[in-house]
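Engineer: Starting off with a structure, shown below.
The values are calculated or read from the model by the stated rules, or taken from the named source; none is laboratory data. These numbers come from a predicted model, not from an experiment. Cβ sites come from the backbone with ideal geometry, for glycine too, and all protein chains shown count toward neighbours.
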Amino acid sequence: MSPSTILCIEDNALLLDFLVLKLEQVVSGPAVIVGAGSGRAGLELAREHKPDVVILELRLPDMNGFQVAAELAGLRPAPRVLVVTSSAPDTVLSRITNSPIHGFLLKSSARDSELALALKELLFGRTYFQPAVLTAIARTRRQPDHFSKILSDRELELVPLFGFGWAHDKVARHAGLSPATVRTHHQNILAKLNLHGREELMRWAIKKGFTDFRYEPGEAALGCLE
């Protein structure tokens with residue numbers, strides 16, 4: 001039987017070493033395990049090693065995990081993606097089911113046995129989501145006024161940038177829109193969310209987790225509220 005190949009993408013060097021060690025303990029059968037500390041490095045290793053499963057942290061220094069997952073989905077063969085991350089705010093929960101992600105574990109609650117089970121399921125072409133994550137996703141879907149249902153795709157793309165405190169001109173350059181169009185989107189977002197002004201939107205975006213991710217490599221998250 002040929003060995004399974006597992007790629008770990010985790011920016012914390014200590015956690016990466018720990019995760020690789022854990023995988024060596026829980027994987028049944030022969031396996032090749034490689035690690036990367038950034039999204040770009042992980043994608044390079046994925047093209048080189050053609051992993052069966054990629055274990056992915058969503059918060060990375062150069063790309064956000066959803067961008068990495070999307071690029072992994074374009075590889076042939078495409079690996080299965082297991083997210084192992086520290087938290088699942090609303091902005092993550094609202095995107096999971098529409099992303100090429102096949103499993104989800106929270107670092108704080110996943111046991112070795114659950115990691116082993118998730119890997120087994122993904123290696124067999126199935127999915128595995130922690131029960132608590134599935135419950136949270138279902139709760140989100142039941143909310144008729146959830147932001148994922150009332151904001152357009154374009155507005156959802158712009159919310160993180162407003163959350164960073166970027167001026168309309170900078171958002172416009174980043175998104176390839178005119179400043180007037182950005183101002184209109186900003187006003188529409190405020191109205192839909194019943195918020196009043198730029199600072200309220202910044203606080204809301206931070207609370208919901210939109211500013212946890214950098215949506216454009218190289219762009220600094222300027223103006224975030226502490």
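Engineer: Need pairs with beta-carbon distance below 8 Å; first residue assigned by TED's automatic domain parsing to the domain that holds Asp52 and within region 1-30, second hydroxyl-bearing (Ser, Thr, Tyr) and in a strand (DSSP E or B); sequence gap 6+ or separate chains.
Structural biologist: Filtered contacts from region 1-30: Val27/Ser4; Gly29/Ser4; Pro30/Ser4.
Engineer: While we're here: Can you find, within region 43-63, the residue that is nearest to the chain's Cα centre (by Cα) among those that are surrounded by 19 or more Cβ atoms within 10 Å (Cβ to Cβ) and closer than 19 Å to Val92 by Cβ?
Structural biologist: Leu58
Engineer: So, one more: Answer yes or no: is there a residue in region 98-116 that is of a type in the set (A, V, I, L, M, F, W, C) and touching a Gly at 6+ places or on another chain (Cβ under 8 Å). Steps first, answer last, please.
Structural biologist: The first filter runs over region 98-116 and keeps only residues of a type in the set (A, V, I, L, M, F, W, C), leaving 101, 104-106, 110, 115-116.
Subset that is touching a Gly at 6+ places or on another chain (Cβ under 8 Å): none.
No.
Engineer: Further question: Which of the residues that make up region 165-181 are without any contact (Cβ under 8 Å) to a residue 60 or more places away in the chain and within 17 Å of Glu200 (Cα to Cα)? Spell out the reasoning first.
Structural biologist: Residues of region 165-181 without any contact (Cβ under 8 Å) to a residue 60 or more places away in the chain: 166-181.
Selection gives Trp166, Ala167, His168.
Engineer: Any chance region 194-211 includes a residue that's of a type in the set (Asp, Glu), at pLDDT 90 or above, surrounded by 15 or more Cβ atoms within 10 Å (Cβ to Cβ) and not in a loop (DSSP other than H, G, I, E, B)?
Structural biologist: Scanning region 194-211 turns up no residue that is of a type in the set (Asp, Glu), at pLDDT 90 or above, surrounded by 15 or more Cβ atoms within 10 Å (Cβ to Cβ) and not in a loop (DSSP other than H, G, I, E, B).
Engineer: I've got another one for you. Taking the conditions exactly as written (in the same structural domain as Ala78 (by TED's automatic domain parsing), surrounded by 13 or more Cβ atoms within 10 Å (Cβ to Cβ) and out of contact with any His (no Cβ under 6 Å at 6 or more places or on another chain)), does Arg40 satisfy them or not? Give the steps one after another, and end with the answer.
Structural biologist: Working: in the same structural domain as Ala78 (by TED's automatic domain parsing): yes; surrounded by 13 or more Cβ atoms within 10 Å (Cβ to Cβ): yes; out of contact with any His (no Cβ under 6 Å at 6 or more places or on another chain): yes.
Spelling it out, Arg40 is indeed in the same structural domain as Ala78 (by TED's automatic domain parsing), surrounded by 13 or more Cβ atoms within 10 Å (Cβ to Cβ) and out of contact with any His (no Cβ under 6 Å at 6 or more places or on another chain).
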